[in-house]
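Accompanying notes for the structure given below.
The values are calculated or read from the model by the stated rules, or taken from the named source; none is laboratory data. Values in this document were obtained by computation on a predicted structure and should not be read as measured data. Note that we place each Cβ from the backbone using ideal geometry, even for glycine, and neighbour counts take in every protein chain shown.
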Amino acid sequence: MDAREKVLAWKREATEDPEGFWGRAAEQVPWFRKWERVLDWQPPTFRWYSGGMSNLAYNCVDHHVAAGRGDHLALITENERGERRTFTYADLHRDIKRVGAALRAMGIAKGDRIAIYMPTSAEAIILMLGAIRIGVVILVVFAGFGAGALGERIRLAGARALFATDVTYRKGKDVQLLPIVSQAVAGTPLVEHVVVLRRTKSADRVRDEISWQDFLEAGAGHEEGHVELEANEPAYILATSGTTAKPKLAVHTHGGYQVYVYSMAKWMFGLRESDIWWSTSDIGWVVGHSYIVFAPFLIGSTTIAYEGALDHPNAETFYAIVERNKVTGVFTSPTAARLLMRYGSEPARKHDLGSLERLFCAGEVLNAPAWEWLQKEALQDRVPVIDHYWQTETGGPVVGNPYGIATLPIKPGSGGVPLAGIEAAVVDQDGKELGPGEKGIFVIKRPFPGLTARLWAEPERYAMDYWETVPGETVYFTGDASSIDDDGYVWFSGRADEIIKIADHRIGTIEVETAFLRNPAVAEAGVTGRPDELRGQVISAFVVLKQGRQPSEELKKELLATVRNELGPLAVIGELNFVDMLPKTRSGKIMRRVLKAVILDKDPGDISTIEDEGSVDEAREAWQHLKTGVAAGD
């Protein structure tokens, strides 16, 4: 049986008997008590494994210790300052029990919420596991969001305690977090306790501050045991990453979520106990939750948690970590791939990457030129580079190339095929299913265990934002524009509301950005549409050049020719701006709504989730400068 036949058989099993398929998947993880029913679906919401009793954190750590694997290396933490720590499963077991006892001493118990505003570090991961183990619901907020974003998330979650560090490390600097914490807490009276892990001797203090050490010591003598939780009880809540203006708090559970991230770790990533696995994400994002922390621990493998920039102190950092730790699998982002591409392949040549077996990307589309560079130049075609697609709300992958089942032929620029249990389609604006190659909205026809079944404190918004009634059925509406080709591969072209319509032709932002990346001078590109009297819309482009390349009129003409050659005359560039950076969310997604606000000379709205607010100012300055000159291209 070849790879395609294996994958088709796997998908057919899920399509013909979905509840049987997901029931068998659930049998692969431990349960205190088996479920009574696999799925109870009352559109738009649903329950998985009702009546089943489990605990996500218990299965991540206690289960392995009880099975005699306590001495196995569980966690490696590193940071850009060269500090490195290691923890076995027995070490984690000791530490998460201590955290649970300390939370109980604080009066925090099952069902309460705590907020974690800490970088990707051992203490943060231990806190996540220790809280979930006793039934406390965690909300991790990326350690870099501003006070407004932090405070809003704390209020939405109703968190009783906030855990923070005084600084995080970024490109050689101590980024101060305490002023942000103080401001956020001032507007959130529900917060009763603020615990601070101090890394510096800063004199700044937060009101009623408790030190990390005092917090732990207060738990001495308190109950250390875990709790058993019904499958649909929440393990964590997490805000969407912020390409939209208002965050939504997705809820993920002890049952369905656990089964899904474990299963996809096996099927999509081929994760196994012997792996040294490195997801370069941050614990503040769903990728960090699912594939830095929970799935690798559920499998019983070794996971690496890294704090800092992948190109600091130099461009070799990424490759050095792979070599030093003998990493076997990497999960990174297209943004990281394009960052590494800016430095060329020479840094990769200086390191032995022989341990690496596979590399995965997700976050945005891995544009074909970036894939080609990573696959053929950086990794010299030795291991597969596999793109895939998912959302905060899905908990894990929904489209991809299932390495753990069989690796299909890779089509650069495609996210792969819908994975087993994901009944997907592309529909038009009226909900009519479209044929191969036709562009529309990517929808999923039935729930799967990783999909969030509700938003925290906003049940009405969940139904309104995510589920659409189309002829004959109710479907999950991803909001992403795509097409599916004759072979079943999905091609994403951007958010549906970012599609550019030029003289009645629809073109995706991803398609235009990919075309720019075909030029060897371009490191990154972000595009959006702007109104045009003649054509309806034209393209506004913002381009970041590779190191050593300088803006010029000649290069501008060359780039316009590249896009025209790739996409034809329908891709009309209204103007092209050279910038040093693009406005992105902290998780690396280009904020095209900010680009659109800039070119329309409007307020970009909430930019609290942006990676570098200076990039907004820079884009705005580029546009203001352009308005006084002559627009490029036409």
Out of region 103-139, which residues are among the β-branched types (Val, Ile, Thr) and closer than 16 Å to Thr168 by Cβ? Ile116, Thr120, Ile125
Which numbered condition trips up Gln380, out of (1) in a loop (DSSP other than H, G, I, E, B); (2) of a type outside the set (D, E, K, R); (3) at pLDDT below 95; (4) on the phi > 0 side of the Ramachandran plot? (3)
Search result, residues across region 113-136 that are within 20 Å of Val181 (Cα to Cα) and either without any contact (Cβ under 8 Å) to a residue 24 or more places away in the chain or of a type outside the set (Gly, Ala, Ser) (or both): Arg113, Ile114, Ile116, Tyr117, Met118, Pro119, Thr120, Glu123, Ile125, Leu127, Met128
Select from region 383-412 the residues that are in a strand (DSSP E or B) and in contact with a helix residue (DSSP H, G or I) (Cβ under 8 Å, 6 or more places away or on another chain) and list them in ascending order. Val385, Asp387
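Residue-wise test of (1) modelled with pLDDT of 90 or more; (2) crowded, with 20+ Cβ neighbours inside 10 Å.
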| site | (1), (2) |
| --- | --- |
| Leu517 | yes, yes |
| Glu524 | yes, yes |
| Phe542 | yes, yes |
| Glu566 | no, no |
| Lys584 | no, yes |
For region 404-439, what are the residues that are crowded, with 21+ Cβ neighbours inside 10 Å and among the hydroxyl-bearing types (Ser, Thr, Tyr)? Ser414
Filter result for the condition that a residue is outside any strand (DSSP E or B), among the aliphatic types (A, V, I, L, M) and in contact with a Pro (Cβ under 8 Å, 6 or more places away or on another chain), over Ala25, Ala9, Ala14: Ala25
So for region 207-216 (the condition being touching a residue at least 12 places away in the same chain (Cβ under 8 Å), within 21 Å of Arg133 (Cα to Cα), outside the structural domain of Leu582 (by TED's automatic domain parsing) and not aromatic (Phe, Trp, Tyr)), does at least one residue qualify? yes
The one condition in (1) touching a residue at least 40 places away in the same chain (Cβ under 8 Å); (2) surrounded by fewer than 14 Cβ atoms within 10 Å (Cβ to Cβ) that Met464 fails to fulfil: (1)
So which residues in region 316-352 are in a loop (DSSP other than H, G, I, E, B), at pLDDT 95 or above and surrounded by 19 or more Cβ atoms within 10 Å (Cβ to Cβ), if there are any at all? Val327, Thr328
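Return yes or no: is Ala26 in the same structural domain as Pro296 (by TED's automatic domain parsing) and either under 13 Å from Thr253 (Cβ atoms) or surrounded by fewer than 18 Cβ atoms within 10 Å (Cβ to Cβ) (or both)?
Values: in the same structural domain as Pro296 (by TED's automatic domain parsing): yes; either under 13 Å from Thr253 (Cβ atoms) or surrounded by fewer than 18 Cβ atoms within 10 Å (Cβ to Cβ) (or both): yes.
Taking the combined requirement at face value, the residue satisfies it.
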The residue that is farthest from the chain's Cα centre (by Cα), considering only those in region 98-118 that are outside any helix (DSSP H, G or I) and buried (at least 24 other Cβ atoms within 10 Å of the Cβ), is Ile114
Hey, can you tell me all the residues within region 312-349 that are within 24 Å of the chain's Cα centre (by Cα) and acidic (Asp, Glu)? Glu316
Set Asp497, Asp485: member being modelled with pLDDT of 90 or more and of a type outside the set (Ser, Thr, Tyr): Asp485
In region 35-68, residues that are farther than 19 Å from Arg133 by Cα and either in a loop (DSSP other than H, G, I, E, B) or without any contact (Cβ under 8 Å) to a residue 40 or more places away in the chain (or both) total 9
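I need a count of the residues in region 418-427 that are part of a strand (DSSP E or B), more than 11 Å from Trp390 (Cα to Cα) and touching a Lys or Arg at 6+ places or on another chain (Cβ under 8 Å). Can you show your working first?
Keep residues of region 418-427 that are part of a strand (DSSP E or B), which gives 418, 424-427.
Imposing the further condition that a residue be more than 11 Å from Trp390 (Cα to Cα) reduces the set to 424-427.
This time we only want the ones that are touching a Lys or Arg at 6+ places or on another chain (Cβ under 8 Å), so: 424-426.
Counting residues in region 418-427 that are part of a strand (DSSP E or B), more than 11 Å from Trp390 (Cα to Cα) and touching a Lys or Arg at 6+ places or on another chain (Cβ under 8 Å) gives 3.
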Is it the case that region 43-59 has a residue that's hydrophobic (A, V, I, L, M, F, W, C) and surrounded by fewer than 18 Cβ atoms within 10 Å (Cβ to Cβ)? no
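How about region 516-534: which of its residues are over 19 Å from Lys584 (Cα atoms) and touching a Lys or Arg at 6+ places or on another chain (Cβ under 9 Å)? Talk me through it step by step, then tell me what you get.
If we filter region 516-534 for residues that are over 19 Å from Lys584 (Cα atoms), which is where we start, we get 518-521, 530-534.
Selection gives Pro520, Ala521, Arg530.
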Restricting to region 304-362, give me the number of residues that are under 20 Å from Tyr169 (Cβ atoms) and among the hydroxyl-bearing types (Ser, Thr, Tyr). 6
Select the strands (runs of 3 or more DSSP E) contained entirely in region 428-511, then report the ones holding at least 2 residues which are on the phi > 0 side of the Ramachandran plot. none
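Look through Ala149, Ala161, Ala157 and report the one residue that is of a type in the set (A, V, I, L, M) and under 27 Å from Tyr89 (Cβ atoms).
On the way: Ala149 fails: under 27 Å from Tyr89 (Cβ atoms); Ala157 fails: under 27 Å from Tyr89 (Cβ atoms).
The unique qualifying residue is Ala161.
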Is it the case, given these coordinates, that Phe297 is in a helix (DSSP H, G or I), within 16 Å of Val61 (Cα to Cα) and not basic (Lys, Arg)? yes
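Can you tell me which of Gly135, Gly148, Gly82, Gly100 is within 24 Å of Thr253 (Cα to Cα) and out of contact with any helix residue (DSSP H, G or I) (no Cβ under 6 Å at 6 or more places or on another chain)? Walk me through it before giving the result.
On the way: Gly148 fails: within 24 Å of Thr253 (Cα to Cα); Gly82 fails: within 24 Å of Thr253 (Cα to Cα); Gly100 fails: out of contact with any helix residue (DSSP H, G or I) (no Cβ under 6 Å at 6 or more places or on another chain).
After ruling out the rest, the residue left standing is Gly135.
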